[in-house]
Amino acid sequence: SDAHPVTLSATIRDLGASPSIAAELQWPKGVLTLSGRPRPDRFTIDASELTLHTSTLRLKGDVMLDAKEPSQLSLQGVLEPAELTQIPWLKFETFDPSLIKGPLSLSVQFRGSPNDWQSAAAEGWVTAPQVVVNDIPFDNVRLEFDQSQRALRLRLPQGRLADGTIWGDGAIEYQPEGQQYLIQTEFTSVQLARLAEIIPSWQQRAIKGSA
């Protein structure tokens with residue numbers, strides 16, 4: 001598009017029994033590289049890397065050509081969520097990635113159909129020394145998750161907020177009429193005055209005590 005001009009280059013080697021493909025997609029704010037091998041029943045991604053300003057994500061695995069067969073993919077790297085808006089083909093209608101600020105280290109294992117990700121099986125973790133979510137700053141965060149049978153389970157074994165410890169767990173069940181949420185969170189000695197200092201929308205309020 002005019003806003004995001006994209007340049008594609010690709011090379012196909014050995015058109016016989018074992019062809020391989022190397023491709024590179026460039027646009028003003030990022031580069032996507034891919035090397036893989038087409039097979040009769042799948043496309044094997046040997047290596048794929050997405051590079052943005054501060055984000056680097058690596059993907060590998062098998063994408064099955066038959067949608068009934070589960071694909072298996074592994075994703076790892078560092079992501080600055082706000083940079084997702086710099087990828088021309090991604091659209092965000094119900095979620096604003098810029099509400100999350102701070103680089104996230106992540107690892108995800110996926111098994112299922114990319115076209116029906118809610119029914120897929122997945123597991124992984126996300127860590128961040130510092131991250132701001134909707135103007136609320138957290139430190140030393142580790143989030144673990146697993147998904148199966150159309151339910152996503154989240155666990156926060158560690159994190160810090162306003163000089164206190166936070167942990168919790170939750171679940172999201174995917175239903176035809178919409179998502180159902182169950183979230184449990186616990187705080188230990190969160191200093192409300194400190195919380196008021198670090199949350200911009202609270203800075204004009206006189207808040208004291210702990211929770």
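The values are calculated or read from the model by the stated rules, or taken from the named source; none is laboratory data. Keep in mind that this is a model prediction, so the values were computed, not measured. A quick note on method: Cβ atoms are made from the backbone with ideal geometry, for glycine too, and the neighbour counts reach across all protein chains shown. Quick note on the areas: whole protein, heavy atoms, side chains included, nothing else; ligands and nucleic acids left out. Shrake-Rupley method; radii C 1.70, N 1.55, O 1.52, S 1.80 Å.
Listed values, structure above:
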quantity	calculated
Nearest-10 value in Å² for the accessible area of R153, using the 1.4 Å probe	80
Length-normalised contact order for the stretch 85-132 - Cα pairs under 8 Å, 6+ apart - percent	38
Dipole moment magnitude, nearest 20 debye, the stretch 96-169 about Cα centre, only Lys, Arg, Asp, Glu C-beta charged	140
For L34, solvent-accessible area (1.4 Å; no DNA, RNA or ligand), Å²	50
Heavy atoms of E49 accessible to a 1.4 Å probe, total area in Å² rounded to 10	60
Charge dipole magnitude, Cβ of K and R +1, D and E -1 - the stretch 1-142, Cα centre, debye nearest 20	300
More than 22 Å apart - percent of Cα-Cα pairs taken over the stretch 49-133	33
